[in-house]
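The values are calculated or read from the model by the stated rules, or taken from the named source; none is laboratory data. No experiment lies behind these values; they were computed from the predicted model shown. In this analysis, Cβ positions are derived from the backbone assuming ideal geometry, glycine residues included, and neighbour counts consider all displayed protein chains. Quick note on the areas: whole protein, heavy atoms, side chains included, nothing else; ligands and nucleic acids left out. Shrake-Rupley method; radii C 1.70, N 1.55, O 1.52, S 1.80 Å.
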Number of protein chains: 2
Amino acid sequence: MTSRVLLDHGSGGRASQRLIADLFLKYFGNPVLDQLDDAACISMPGEVAVSTDTFTVDPLFFPGGDIGSLAIHGTVNDVAMLGANPKYLTVACILEEGLSLECLEQIVLSMSRSAEKAGVKIVTGDTKVVPKGAVDKIFINTTGLGIIGKRPFPQGHRANEGDAVLINGPVGDHGLTVLTCREGLSFETPVKSDSAPLNGLLLQLIEDIPDIHVLRDPTRGGLATTLNEIADQSQKSCLINEDALAISPEVREGCSLLGLDPLYLANEGKFVSILPEEWAHKALEIMRNHEFGRQAKLIGRIGVDNPGRVTLKTAIGGYRILNMLEGEQLPRIC
Amino acid sequence: MTSRVLLDHGSGGRASQRLIADLFLKYFGNPVLDQLDDAACISMPGEVAVSTDTFTVDPLFFPGGDIGSLAIHGTVNDVAMLGANPKYLTVACILEEGLSLECLEQIVLSMSRSAEKAGVKIVTGDTKVVPKGAVDKIFINTTGLGIIGKRPFPQGHRANEGDAVLINGPVGDHGLTVLTCREGLSFETPVKSDSAPLNGLLLQLIEDIPDIHVLRDPTRGGLATTLNEIADQSQKSCLINEDALAISPEVREGCSLLGLDPLYLANEGKFVSILPEEWAHKALEIMRNHEFGRQAKLIGRIGVDNPGRVTLKTAIGGYRILNMLEGEQLPRIC
């Protein structure tokens, strides 16, 4: 192999085949992918959850992850948010001519490891190479398929009066990590992305809790935006206690320095679950017993006054309306 | 709406929601998509064909199509090449900050019309906006899901000794159209992309022909590369008659002027079918009765000597080995 991605690698011809064999099949190979037909054949009995996401994060590598692991976790998590068991992924890469093959290999290896850890198979893919300047290094699309188990499954509109609002840990880590990394900032305690596959923990929850009303991962736009989406879809209100929210000291420090609100920063290993109050204790117990839920908390309640409104009860007892993020706080965060 | 795409439109916040409601839901809307959850829930009984493709074509609009129609047809066709009935698509757009919203709307409208014509529903999507310069205008990923009917389904390795090789019309139109459009060339007779959804015609073939061994669309790398892939997967040889190949006069003229070989130019509305010789006549009849198969031809035969080799019997009776495309003839063709 040459040491850089060439336009030839995207031709669909022999150079493409070599790149696919030497890199993608080497790391992603499985009996379905190895067929190399125009489409892959998979078995999906019954109801299927499908989700697609494109990853454009800048920089490509950051503490706690890289564009490859993010592309796996992001889509696996989105599929799992419908209460589904993610099984298969498609991977489509857009490569910039001149990208180093070493960098590409590192990303592909990271995807392969993340997919294995998440228990999903990559069944088909696509590689395009565009001339220098037509894309910034590499963008990755993943589309995920999962099997839906229980009915009714969690959906945004199902948030109900009196439901407890839980989150599996502190917020803001991914957003602040990418930002500090990109801007070359550093803090006393280094921050690290929370990027993680949540399907294992979620499957346990789905199994043990009779009816989870909503699951949603607060990625772009952060926790505040996600809660607003849910309040909007369900036409309920949501009251969050600032006291109950976990925010790591380093994220708090970084945010106050940069004038950012951690409630609007992206997360990549967190999920909000909204469920009947009587199951909150059990759900927290399950989360806290799992590596991705050690700091799980009950952070609020669903109400019916002011449909669509999210309110934060501040630490000093005041009330602040949390609006949806209006514009862009941070581009290319995922 | 402002008249251009802003970074705010990719924030995941309110501006994103407006773009989604005013544009994507307006044109793509259906009960599944309208749920706006992290993943869509669809029903897929049994075996599923899945395919993914990213479209980076330059220019965005060309005679016979645009990046939107191409993104629908390309993936619908790839799913159909497994003998499956394409049902659902996901759509993920990467937009460059500053792209005109009018241009985006035109593309979304074209996708919507093409999806309707192809009989597929767009069930979930993703929109990312990246800063000016990080992507060239717009790239679109589509992932398609289809229901596999008959077993065994067509696959590259199933080409068999004595099989007939058919194609549904002339080759090279898409590749030459995009190239001339990009370079501002013009010929006496204007060329036009052959981009088309092939699933309707393919479903008829699948229904009426007992066992089609291979279906494949000769996109990137053209007919020669596709035949090489099949010869390689099946470890058979393939002999093509130049006399039998349809190439339109304008493609022939353009290619001779530019020094291009139409057998290596991309097509977006063609498919190669390889099937037992006794069914060739019936298959041609079905194709010729369909708008996308009027000029269907039997162009060659599968043999067993020289496994992996594709040979062209030229018009003057000589033999020329058709190798797989080595490098890139034309970047950003689809």
Nm distances between copies for B:R320, ranked from closest, using label points 7 Å along Cα→Cβ: 7.2
Please give the average number of partner chain Cβ atoms lying within 10 Å of the Cβ of each residue in B:134-144, rounded to a whole number. 6
Taking B:E326, A:E116 and ranking on accessible area (1.4 Å, protein atoms only), highest first, one gets A:E116, B:E326
Of all DSSP beta bridges having both residues in the range A:7-148, the percent classed as antiparallel (nearest 5) is 70 percent
Run down the lysines and flag those whose C-alpha is under 17 Å from the C-alpha of A:K87, throwing out any fewer than 8 positions away in its chain. A:K117, A:K121, A:K150
If you take each beta carbon of peptide A:4-12 and count the beta carbons of other chains within 10 angstrom, what is the mean? 6
Mean Cα-pair separation over length for chain B, i.e. relative contact order, pairs under 8 Å, 6 or more apart, %: 23 percent
Relative pair counts by distance (%), Cα atoms of the range B:187-262, 10 Å bins: 14, 36, 37, 12, 1
Under 26 Å between alpha carbons, and skipping anything fewer than 8 positions from A:K313 in its own chain: which lysines qualify? A:K236, A:K270, A:K282, A:K297
When the charge dipole of the range B:7-148 is computed with +1 on Lys and Arg Cβ and -1 on Asp and Glu Cβ about the Cα centre, the Cα farthest towards its positive end, among B:Y27, B:V50, B:S100, belongs to B:Y27
What figure, in Å² to the nearest 10, do you get for the accessible area of A:C93 with a 1.4 Å probe and non-protein molecules left out? 0 Å²
On the full set of protein chains, 1.4 Å probe, figure out the accessible area of B:T311 and give it in Å² to the nearest 10. 30 Å²
Convex hull around the C-alpha positions of the range B:267-334: the volume in Å³ per residue is 143 Å³
Explain nothing, just the number: dipole magnitude of the range A:7-148 about its Cα centre with +1 on each Lys and Arg Cβ and -1 on each Asp and Glu Cβ, in debye rounded to the nearest 20. 220 debye
Would you list which aspartates and glutamates come within 13 Å of A:K192, measuring only between C-alpha atoms, while excluding same-chain residues fewer than 8 positions from it? A:D66, A:D173, A:E250, A:E268
Note down the relative contact order for the range A:144-281 as a percent, whole number, built from C-alpha pairs under 8 angstrom at least six residues apart. 47 percent
So what does B:R14 come to for accessible area, using a 1.4 Å probe and Å² rounded to 10? 80 Å²
Per residue of B:148-160, how many C-beta atoms from partner chains lie within 10 Å of its own C-beta, taken as a mean? 2
Checking an interface number: how much accessible area is buried between B and A, summed over both chains, with a 1.4 Å probe, in Å² rounded to 100? 5900 Å²
Relative counts (whole %) of C-alpha pair distances in the range B:1-97, using bins that are 5 Å wide: 2, 10, 17, 19, 22, 16, 9, 4, 1, 0
Order by accessible surface, 1.4 Å probe, largest leading, for residues A:D136, B:D232, B:D217 comes to B:D232, A:D136, B:D217
Please state the charge dipole magnitude for the protein assembly as shown, taken about the Cα centre, from unit charges on C-beta atoms (+1 on K and R, -1 on D and E), reported in debye and rounded to the nearest 20. 340 debye
Counting DSSP beta bridges with both ends in the range B:156-321, the antiparallel % (nearest 5): 80 percent
Percent antiparallel among DSSP beta bridges confined to the protein assembly as shown, rounded to 5, stands at 75 percent
Dipole magnitude of the range A:156-321, debye to nearest 20 (Cβ charges: Lys/Arg +1, Asp/Glu -1, about Cα centre): 200 debye
Helical mean residue ellipticity (222 nm; -39500 (n - 2.57) per DSSP H run of 4+; nearest 500) of chain A: -8500 deg cm²/dmol
Using a 1.4 Å probe and counting only protein heavy atoms, arrange A:R252, A:R301 so the residue with the most accessible area comes first. A:R252, A:R301
